[in-house]
1. Filter segment A:15-28 down to the residues that are surrounded by 12 or more Cβ atoms within 10 Å (Cβ to Cβ) and either without any contact (Cβ under 8 Å) to a residue 12 or more places away in the chain or under 30 Å from D:Met46 (Cα atoms) (or both) and list them by number.
2. Can you name the condition, by its number, that C:Ser24 falls short on among (1) under 26 Å from C:Asp87 (Cα atoms); (2) within 14 Å of chain D (Cβ to nearest Cβ)?
3. Run down A:Leu59, A:Leu4, A:Leu48 and say which single residue is hydrophobic (A, V, I, L, M, F, W, C) and more than 11 Å from the chain's Cα centre (by Cα).
4. Just give me the residues in segment A:60-74 being over 18 Å from A:Glu18 (Cα atoms), more than 13 Å from every other protein chain (Cβ to nearest Cβ) and either among the small types (Gly, Ala, Ser) or part of a strand (DSSP E or B) (or both), in sequence order.
5. Just the residues that are modelled with pLDDT under 95 and on the phi > 0 side of the Ramachandran plot, please, taken from segment A:56-77.
6. Any idea how many residues of segment A:29-59 are under 28 Å from D:Lys122 (Cβ atoms) and in a helix (DSSP H, G or I)?
7. Residue under question is C:Ile90, and the condition is that it be of a type in the set (Val, Ile, Thr) and out of contact with any helix residue (DSSP H, G or I) (no Cβ under 7 Å at 6 or more places or on another chain); does it hold?
8. Could you count how many residues in segment D:38-63 are free of Cβ contacts under 8 Å to residues at least 24 places away in the same chain and in contact with a Leu (Cβ under 8 Å, 6 or more places away or on another chain)?
Amino acid sequence: MDVLYFAWVRERIGLPKETVETKAATVIELVEELRAREERYALAFSDLSALRVAVDQDLTDFDAPINGAREVAFFPPMTGG
Amino acid sequence: MDVLYFAWVRERIGLPKETVETKAATVIELVEELRAREERYALAFSDLSALRVAVDQDLTDFDAPINGAREVAFFPPMTGG
Amino acid sequence: MRVIVQEDAFDGGAELNAFTAAQSNMGAIVSFTGIVRDVAAGLKQMDIEHYPGMTERALEQIAADAMTRWDLGDVLVIHRYGPLHPDEPIMMVATASKHRKDAFEAADFLMDFLKSRAPFWKKEQTFASNDWVASKQEDEDALKRW
Amino acid sequence: MRVIVQEDAFDGGAELNAFTAAQSNMGAIVSFTGIVRDVAAGLKQMDIEHYPGMTERALEQIAADAMTRWDLGDVLVIHRYGPLHPDEPIMMVATASKHRKDAFEAADFLMDFLKSRAPFWKKEQTFASNDWVASKQEDEDALKRW
């Protein structure tokens, strides 16, 4: 599964995209796995209320299922327009 | 005093502008004088709720004073935009 | 603030670009363009009559009211008169503000007042008739929003 | 309905004219243009990051929602990414409708959703700092209007 990071999430983790092998069933389970990896992940995911998530390019919630998903993206609230 | 007519008021009365000698103190007194002149005026002024009036180029009411006014204009509700 | 009343056609895109280029540090530009629409199916021509002198005065007053009520950098109003044809632009307004809310509301306000308080009258020539456009109660009601 | 995501600058006036010319019997055209504003006083550059693929998808969904909710003839959305400078246009939306109310409301709606639901992130480079723009609660609250 591809995991993508944007804006300051990308900067804190230090890369825009990585391929992750996971058995996580939901976004929050994936977040827990990533947090456990390294300090920079724990830091990036320290406050989930400051983050948004998209599964296969659709905005969703942290308890959304990710079985069969091709990509999961994490980023701060959008500031377009 | 110049009296101006626009849109269908102009068409019913048959002229865009005329100079009127009047002692009318208010718009409605002027309307009564005009109505008494000829059938085409009576017709044009038959339903005041379908008319608007401007005194010296400011929209106003039929009971507005016209002493010292340079021009009074009668027309239907506006349909710009 | 600029108010233009003219018979000639205008280039809405060029006007929008000129208006935008003249602003300084305004984040939001809203424009409205009104186009002659063939409501009757068979419209040949629309004639717009106006009240020279009062028209400019009324539009300037409406534009000044908008500048007072919202935080605007600038306002543009262009309105044509004379003979027009289907799909030709009749008029446009543009507003510039730091914030999108002010730009949107002010443009909406300008249109509502311009519609019912500026001295223009439309007459529609179709193949069958030649009638003055009646004012709509909903346009009068729209003024109560402000 | 047309959604464009690009790095290059665009000509807002030319886009408005092309959009207007493509309509048939639409009486009301509304446009909104967003311009890079120097909020911090000293802005050198604004960088816009986006999520290729999801961006187009999100904008198309927002435009389609507007077409469903209002009586519109057409919708245009243009949004840039990459490095931008003060007074450059960031994005524009345009709506065409028979009626001014629909054109205004739909453009206002598009802006609210584009602001908080399309995957763009702004970073402001000033002479002193280089910070991601924080989202505003008022922008999130604005969505509740619809």
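1. A:Pro16, A:Lys17, A:Glu18
2. The single condition C:Ser24 does not satisfy is (1).
3. On the way: A:Leu4 fails: more than 11 Å from the chain's Cα centre (by Cα); A:Leu48 fails: more than 11 Å from the chain's Cα centre (by Cα).
None of the others qualify; the one that does is A:Leu59.
4. So in segment A:60-74, the residues over 18 Å from A:Glu18 (Cα atoms) come out as A:60-65.
In the following step, the residues that additionally are more than 13 Å from every other protein chain (Cβ to nearest Cβ) were identified as A:61-65.
Once the filter is applied, which keeps residues that are over 18 Å from A:Glu18 (Cα atoms), more than 13 Å from every other protein chain (Cβ to nearest Cβ) and either among the small types (Gly, Ala, Ser) or part of a strand (DSSP E or B) (or both), segment A:60-74 yields A:Ala64, A:Pro65.
5. Step one: filter segment A:56-77 for residues modelled with pLDDT under 95, giving A:67-68.
Within segment A:56-77, just A:Gly68 meets the criteria.
6. Counting residues in segment A:29-59 that are under 28 Å from D:Lys122 (Cβ atoms) and in a helix (DSSP H, G or I) gives 13.
7. Numbers: of a type in the set (Val, Ile, Thr): yes; out of contact with any helix residue (DSSP H, G or I) (no Cβ under 7 Å at 6 or more places or on another chain): yes.
Taking the combined requirement at face value, the residue satisfies it.
8. So the answer is 0.
The values are calculated or read from the model by the stated rules, or taken from the named source; none is laboratory data. As the structure is a prediction and not an experimental result, all values here were calculated from the model. Cβ coordinates were reconstructed from backbone atoms using ideal geometry, including for glycine residues, and neighbour counts include every protein chain displayed.
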